[in-house]
Amino acid sequence: GLELSHCMGANSLGPAVPWRSGRPCKMKRVRTVFKPEQLERLEQEFLKQQYMVGTERVDLAATLHLTETQVKVWFQNRRIKWRKQSMEQKAAKLSQFGVIQPATADSTDIKDHEEDTVEVEL
């Protein structure tokens, strides 16, 4: 399930305290760790279709014992990875024919797509 950790004082049993500069304590989501079986099924579904919406997403989430949001975010992040891999493969093919130099890690950095990456779950 979804677990949240929060900032605490030195004593973990004490009350929550502001994390930095007097701002209110923010809740930090613990990263979802998918089971190998869940990842295998998600990858299978992604090979069939890159977008999972509506009842298909609800059904898949229920089957995998995940939330609909977890499935949605996984597909969003997987599409970003897929696009990056596609761009790198195209660049490699073009470089074989001397059209362009192979792309460097800096030019295809995932930072270009950070606004598309969603890690927060509700």
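The values are calculated or read from the model by the stated rules, or taken from the named source; none is laboratory data. Just so it is clear, the structure is predicted and the values come from calculations on it, not from any experiment. Heads up, the Cβs are rebuilt from the backbone with ideal geometry, glycines too, and the neighbour counts pull from every protein chain shown. Note: accessible area is taken over every heavy atom of the protein model, side chains too, but ligands, DNA and RNA are not part of it. Shrake-Rupley method; radii C 1.70, N 1.55, O 1.52, S 1.80 Å.
Determine the pairs where a residue that is of a type in the set (Ser, Thr, Tyr), located within region 29-43, has a partner that is open to solvent by less than 50 Å² (accessible area, probe 1.4 Å) and not in a loop (DSSP other than H, G, I, E, B) with Cβ atoms under 7 Å apart, the partner being 6 or more residues away or on another chain.
These pairs meet every condition: 32/70.
Quick check on region 81-103. Is at least one of its residues modelled with pLDDT under 70 and either touching a His at 6+ places or on another chain (Cβ under 9 Å) or open to solvent by less than 80 Å² (accessible area, probe 1.4 Å) (or both)?
yes
Give all pairs with beta carbons closer than 8 Å in which a residue from region 81-99 that is on the phi < 0 side of the Ramachandran plot and assigned to a helix (DSSP H, G or I) meets a residue that is among the aromatic types (Phe, Trp, Tyr) and open to solvent by less than 100 Å² (accessible area, probe 1.4 Å); count only pairs at least 6 apart in sequence or on separate chains.
That search, which allows pairs on different chains as well, returns 82/46.
Could you identify the single residue in 52, 27 that is open to solvent by less than 70 Å² (accessible area, probe 1.4 Å) and either at pLDDT below 95 or in contact with a Ser or Thr (Cβ under 9 Å, 6 or more places away or on another chain) (or both)?
On the way: 27 fails: open to solvent by less than 70 Å² (accessible area, probe 1.4 Å).
Just one listed residue meets the conditions, 52.
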